[in-house]
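Asker: Submitted below is the structure of interest, expressed as structure tokens.
The values are calculated or read from the model by the stated rules, or taken from the named source; none is laboratory data. A quick note: this is a predicted structure, and the numbers were derived from the prediction, not measured. Cβ sites come from the backbone with ideal geometry, for glycine too, and all protein chains shown count toward neighbours.
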Amino acid sequence: MDGFLLVDKASGMTSHDVVAKIRRRFGTKRVGHAGTLDPMATGVLVLGLGNATRLLQYVVDGTKGYSATIALGKSTVTDDREGELLQTATPELLSQVTDADIARVLGEMVGTISQRPSSVSAIKVAGKTGHERVRAGEEFELPSREVTITSIDIHSITRSSDGISIELSVICSAGTYIRAIARDLGIALAVGGHLTSLRRTLVSPFEIAECVGWEDANPISTGAGISRILPVRLLAPEELNEISFGRTISANSSSGIFAGLAGDGTFAALLENRDFKERNLATPIMVSVKE
């Protein structure tokens, strides 16, 4: 069985939990996912079955969208509500934070910036994820990386005796950490901040409205899924025969990687235009494996 599954991950489950359940449900070990979601987070989790697992790399790098809630006034070791409390701001400090201050600092994060990932990210250091190192009591900081935040839209700012709650949505590049946005906002305003809720609404081009629980998710065919990610070209029978042996075919009209589909719309191969002895041809870089 091949194809993409669009799952609305529930809170409390890891991404690997969902993979394990899908493996049992469909009776296959060839299941992977495009981009980890923390157990606390909900929302879009794209999975691949069979040959589609080899195409998930083209999903992982797509634009991401999130809706989130940030709490100002407290910082935690994990930069979210599940971590040990580090510091609490006084009511006097919180009262000095204005809505304009919040908007200004968040606005300064929009664009291509250097962001330090949260320590509890899935990034591995010497074979162990940041999350595993935090749970083991280690203190460390991951190096900053360049990310692009396209937009941060504030939907509400609510004040209470416990702190300030901010509802917002974010559109950003792969590799952006929303917990880091919460942490850095709290640091900039000198009151501390952490994430209290997170829902992924987009893993481009797949949106939350298309997703269902893992129990009800059914595969989108590999051909239909990849056609939303890459340029596609219908291949003639003789071309399908050539690429099955790893041979080149005529070049595509567009540059870059493209998906070759059979006449019935099934995925056949990924190909790329390359110059062979001064001839512009398309060569297969991944061919569908028939089981």
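Asker: Go through the stretch 160-178 residue by residue and tally those that are polar (S, T, N, Q) and not in a strand (DSSP E or B).
Answerer: Pass one, the stretch 160-178, residues polar (S, T, N, Q): 160-161, 165, 169, 173, 176.
Narrowing further to those that are not in a strand (DSSP E or B): 161, 173, 176.
Matching residues across the stretch 160-178 total 3.
Asker: Which residues, counting only those in the stretch 196-222, are outside any loop (DSSP other than H, G, I, E, B) and among the aliphatic types (A, V, I, L, M)?
Answerer: LEU198, LEU202, VAL203, ILE208, ALA209, VAL212, ILE220
Asker: Here is a follow-up. Quickly run through the stretch 225-258 and pick out the residues that are touching a residue at least 60 places away in the same chain (Cβ under 8 Å) and assigned to a helix (DSSP H, G or I).
Answerer: Correct list: GLY225, ILE226.
Asker: Another question, if that's okay. Working only within the stretch 194-224, note down all residues that are without any contact (Cβ under 8 Å) to a residue 24 or more places away in the chain and more than 21 Å from GLY27 (Cα to Cα).
Answerer: Listed by number, the list holds a single entry, ALA209.
Asker: Those residues that are without any contact (Cβ under 8 Å) to a residue 40 or more places away in the chain and more than 19 Å from ARG104 (Cβ to Cβ), I need them from the stretch 146-174; list them, please.
Answerer: GLU146, VAL147, THR148, SER160
Asker: Quick check, is ARG183 buried (at least 17 other Cβ atoms within 10 Å of the Cβ), of a type in the set (D, E, K, R) and closer than 13 Å to GLN115 by Cα? Before you say what the answer is, go through the steps one by one.
Answerer: Values: buried (at least 17 other Cβ atoms within 10 Å of the Cβ): yes; of a type in the set (D, E, K, R): yes; closer than 13 Å to GLN115 by Cα: yes.
Here the answer is yes, as ARG183 does meet what is asked.
Asker: Right, another one. Could you pull out the residue among GLY192, GLY175 that is surrounded by 24 or more Cβ atoms within 10 Å (Cβ to Cβ) and on the phi > 0 side of the Ramachandran plot? Spell out how you get there, then give the answer.
Answerer: Details: GLY175 fails: surrounded by 24 or more Cβ atoms within 10 Å (Cβ to Cβ).
Result: GLY192 is the single residue among GLY192, GLY175 that is surrounded by 24 or more Cβ atoms within 10 Å (Cβ to Cβ) and on the phi > 0 side of the Ramachandran plot.
Yes/no per residue for (1) crowded, with 20+ Cβ neighbours inside 10 Å; (2) out of contact with any Ser or Thr (no Cβ under 6 Å at 6 or more places or on another chain); (3) of a type in the set (D, E, K, R); (4) not assigned by TED's automatic domain parsing to the domain that holds LEU189:
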position	(1), (2), (3), (4)
HIS16	no, yes, no, yes
THR28	no, yes, no, yes
THR36	no, no, no, yes
PRO39	no, no, no, yes
LEU47	yes, yes, no, yes
ILE70	yes, yes, no, no
GLY73	yes, yes, no, no
PRO91	no, yes, no, no
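Asker: Here's another thing I want to ask about it. Mind checking which residues of the stretch 20-58 are touching an Asp or Glu at 6+ places or on another chain (Cβ under 6 Å) and on the phi > 0 side of the Ramachandran plot?
Answerer: GLY50
Asker: Something else now. Taking the stretch 197-234, which residues are surrounded by fewer than 18 Cβ atoms within 10 Å (Cβ to Cβ), of a type outside the set (A, V, I, L, M, F, W, C) and touching an Asp or Glu at 6+ places or on another chain (Cβ under 8 Å)?
Answerer: Listed by number, the residues that qualify are GLY213, SER221.
Asker: Continuing with the same structure: Can you say whether ALA269 is surrounded by 19 or more Cβ atoms within 10 Å (Cβ to Cβ) and in a strand (DSSP E or B), as far as the supplied structure shows?
Answerer: Working: surrounded by 19 or more Cβ atoms within 10 Å (Cβ to Cβ): yes; in a strand (DSSP E or B): yes.
Yes; evaluated as a whole, the condition is true for this residue.
Asker: Output the residues belonging to the stretch 85-123 that are among the acidic types (Asp, Glu) and either closer than 25 Å to ASP153 by Cα or touching a strand residue (DSSP E or B) at 6+ places or on another chain (Cβ under 6 Å) (or both). Can you show your working first?
Answerer: Step one: of the stretch 85-123, the residues among the acidic types (Asp, Glu) are 92, 99, 101, 108.
ASP99, ASP101, GLU108 - these are the residues of the stretch 85-123 that are among the acidic types (Asp, Glu) and either closer than 25 Å to ASP153 by Cα or touching a strand residue (DSSP E or B) at 6+ places or on another chain (Cβ under 6 Å) (or both).
Asker: Suppose we filter VAL120, VAL97, VAL110 for residues that are more than 19 Å from SER197 (Cβ to Cβ) and either surrounded by fewer than 19 Cβ atoms within 10 Å (Cβ to Cβ) or modelled with pLDDT under 95 (or both); which single one remains?
Answerer: On the way: VAL120 fails: more than 19 Å from SER197 (Cβ to Cβ); VAL97 fails: either surrounded by fewer than 19 Cβ atoms within 10 Å (Cβ to Cβ) or modelled with pLDDT under 95 (or both).
The match here is VAL110.
Asker: Could you grab me the full set of residues in the stretch 246-267 that are out of contact with any Pro (no Cβ under 9 Å at 6 or more places or on another chain) and not hydroxyl-bearing (Ser, Thr, Tyr)?
Answerer: ALA251, LEU261, ASP264, GLY265, PHE267
Asker: Pairs, please: C-beta under 8 Å, at least 6 apart or cross-chain, first residue under 12 Å from ALA190 (Cα atoms) and in contact (Cβ under 8 Å) with a residue 60 or more places away in the chain and in the stretch 73-101, second among the basic types (Lys, Arg) and buried (at least 18 other Cβ atoms within 10 Å of the Cβ)?
Answerer: Filtered contacts from the stretch 73-101: SER75/ARG183; GLN87/LYS74; THR88/LYS74; ALA89/LYS74.
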